[in-house]
Amino acid sequence: MTGFRTVPAGYGGDLTVAVGPRLLRSVAAGAELAAHRTSWAAPQPVPAAELVSRTERVGLRGRGGGGFPFSRKLAVALGAGRRRAVIVNAAEGEPGSGKDSALLLTAPHLVLDGADLVATALDCTTVTVVVPAERPAVGGAVRAAVAQRPGDLGYDLVVTGGTFVSGQARAVVELVEGRENLPVTAWTPEAVSGVKDRPTLLSNAETFAQVAAVCALGVDEYLAIGLPAEPGTTLLTVAGDSPGGVVLEVPFGVALARVLPYCGFRTDGPVLIGGYHGAWLPVEEVARRTISRQDLATVGASIGAGVILPLGPTRCPVQVTASIVEYLAGHSARRCGPCRNGLPALATSVDELARDGGRESVTRVKELVSLVTGRGACAHPDGTARLVRSLFRAFPDELAAHRDGRCALSPLPLSAAVAR
């Protein structure tokens, strides 16, 4: 792979960051401001209404997993007419995701350029940057970048509690307000009432970098790559929770079967796409699908936060799913019934399904998936249920093998079972 850097952004080891067409085009040049300015001019203030218009015209959606239209979030914060807040959320609590961390380690000024543009449009004097406790190099990179930037905009750096749900929007608001970094029930979006009840524009690091790219390139150039309905590029983390994980940038519409070999992975096994809250794709769908929200939605999947976890053809998806659900049950806020009781029960039942696959286990798992869906204080139970539902949809033959006691595939967890 030509044009790349290795950065300490992975849970299980370093991540390789490949040079990309836009956000990652200056990866090899280094993270210093002077090097950044050779590729990206200093951002010029954009009136608030114009920033809403530009991000709406390019169809910019959040890259943190929810895919919410950025222009709408910005317009809501503007319409509140009160003192506002801006948060760059780079928490990335999931082991499978490293793209925001890699971006801040290789191109931090592009993220801060976007934050500068948004803060100026919202008349904010300070930007809060939330970084992961388990990746200390990220905080160091942000501090170094902030020290190099001119101007009066202030930056507050906040370190997460280091759990899977640390990056959930309300968990981030709780953290910034000085409370425990766990989700709570909220009835209004952060853009209406966030930090200290102020309208809060909270998006992940890549989204702010995309804002900077829209303003630097202009709408027409930004629209020149990608799909008509999904223009631009997106960052992906391939096998990010294992040694040898790769972060890369691709235009929307690229075939999944092209992405995997580029990163050094095979295409003859299933893939978990969207991360631990994502969905399984069987091998036949790996060959058909593209990096597109619309395309993946046809098979019940999503790009989510851009996580792609390939599974070797000799590894058992049922056993791997059981290990992931157990992990997710142990990383909940435990502040509502579905997290406190439902997810541990689901983890036990999926483990039983992996061990004996009997009819009673199948029935119990499906009952629990139904019980936890739509009832949590945050989306953690829903995401876990989504993963389990995709197991039944993608692997009926493997589940039948477990029922008949015939599965002889490896029980290794996903971090040890990625396909090379």
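Summary table
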{"read-out": "Condition check for Gly114: open to solvent by less than 10 Å² (accessible area, probe 1.4 Å) and within 25 Å of Leu15 (Cα to Cα)", "value": "yes"}
{"read-out": "Helices (runs of 4 or more DSSP H) fully within the range 1-91 counting 2 or more residues that are at pLDDT below 95 and within 18 Å of Thr200 (Cα to Cα)", "value": "70-79"}
{"read-out": "Scan of the range 88-131 for residues that are of a type in the set (S, T, N, Q) and within 20 Å of Gly65 (Cβ to Cβ), ordered by number", "value": "Asn89, Ser97, Ser101, Thr128"}
{"read-out": "Qualifying positions in the range 328-345 - open to solvent by less than 60 Å² (accessible area, probe 1.4 Å) and either in contact (Cβ under 8 Å) with a residue 40 or more places away in the chain or not in a helix (DSSP H, G or I) (or both)", "value": "Leu328, Ala329, Gly330, His331, Ser332, Ala333, Cys336, Pro338, Cys339, Leu343"}
{"read-out": "Residue within the range 34-43 that is farther than 29 Å from Pro261 by Cβ, open to solvent by less than 60 Å² (accessible area, probe 1.4 Å) and touching a His at 6+ places or on another chain (Cβ under 7 Å) present", "value": "yes"}
{"read-out": "Evaluation of Leu153 against (1) out of contact with any Phe, Trp or Tyr (no Cβ under 9 Å at 6 or more places or on another chain); (2) closer than 29 Å to Ala333 by Cα (one fails), failing number", "value": "(2)"}
{"read-out": "Yes/no for Ala186 being open to solvent by less than 50 Å² (accessible area, probe 1.4 Å), among the aliphatic types (A, V, I, L, M) and under 18 Å from the mean Cα position of the chain (by Cα)", "value": "no"}
{"read-out": "Looking only at the range 1-54, and only at residues there that are more than 26 Å from Lys73 (Cβ to Cβ) and among the acidic types (Asp, Glu), the one that is farthest from the chain's Cα centre (by Cα)", "value": "Glu32"}
{"read-out": "Total residues in the range 221-280, condition free of Cβ contacts under 8 Å to residues at least 60 places away in the same chain and over 22 Å from Val299 (Cβ atoms)", "value": "2"}
{"read-out": "In the range 124-153, residue least open to solvent (accessible area, probe 1.4 Å) [restricted to those that are basic (Lys, Arg) and either touching a helix residue (DSSP H, G or I) at 6+ places or on another chain (Cβ under 6 Å) or part of a loop (DSSP other than H, G, I, E, B) (or both)]", "value": "Arg135"}
{"read-out": "Residues being open to solvent by less than 30 Å² (accessible area, probe 1.4 Å), in a helix (DSSP H, G or I) and farther than 24 Å from Val283 by Cβ - total across the range 346-367", "value": "4"}
{"read-out": "Filter result for Ala121 (open to solvent by 10 Å² or more (accessible area, probe 1.4 Å) and of a type in the set (Gly, Ala, Ser))", "value": "yes"}
{"read-out": "Residue in the range 308-322 that is part of a helix (DSSP H, G or I), at pLDDT below 90 and either under 21 Å from Ala287 (Cβ atoms) or not basic (Lys, Arg) (or both) present", "value": "no"}
{"read-out": "Top-ranked residue of the range 306-327 - restricted to ones that are open to solvent by 30 Å² or more (accessible area, probe 1.4 Å) and in contact (Cβ under 8 Å) with a residue 40 or more places away in the chain, ranked as farthest from Ala400 (Cα to Cα)", "value": "Tyr327"}
{"read-out": "Which listed residue is of a type in the set (A, V, I, L, M) and over 20 Å from the mean Cα position of the chain (by Cα), from Ala209, Ala239, Ala224, Ala213", "value": "Ala224"}
{"read-out": "Given (1) surrounded by fewer than 20 Cβ atoms within 10 Å (Cβ to Cβ); (2) in contact with a strand residue (DSSP E or B) (Cβ under 7 Å, 6 or more places away or on another chain); (3) assigned to a helix (DSSP H, G or I), number of the condition Asp156 does not satisfy", "value": "(3)"}
{"read-out": "Pairs with Cβ under 7 Å, 6+ apart, first in the range 401-412 and under 14 Å from Gly312 (Cα atoms) and open to solvent by 70 Å² or more (accessible area, probe 1.4 Å), second of a type outside the set (S, T, N, Q) and modelled with pLDDT of 75 or more", "value": "Pro411/Cys316"}
{"read-out": "Selection status of Ser166, open to solvent by less than 20 Å² (accessible area, probe 1.4 Å) and either touching a Ser or Thr at 6+ places or on another chain (Cβ under 7 Å) or assigned to a helix (DSSP H, G or I) (or both)", "value": "yes"}
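Per-residue answers, yes or no, for (1) open to solvent by 60 Å² or more (accessible area, probe 1.4 Å); (2) in contact with a Lys or Arg (Cβ under 8 Å, 6 or more places away or on another chain):
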site: Gly3; (1), (2): no, no
site: Gly10; (1), (2): no, no
site: Thr16; (1), (2): no, yes
site: Arg25; (1), (2): yes, no
site: Ala31; (1), (2): no, no
site: Pro45; (1), (2): yes, no
site: Ala49; (1), (2): yes, no
site: Val58; (1), (2): no, no
site: Gly65; (1), (2): no, no
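The values are calculated or read from the model by the stated rules, or taken from the named source; none is laboratory data. Bear in mind the structure is a predicted one, so any value in this text is a computation, not a measurement. All Cβ positions, even for glycine, are placed from backbone atoms using ideal geometry, and neighbour counts span all protein chains on display. Side chains included, ligands, DNA and RNA excluded: accessible areas come from the protein's heavy atoms. Shrake-Rupley method; radii C 1.70, N 1.55, O 1.52, S 1.80 Å.
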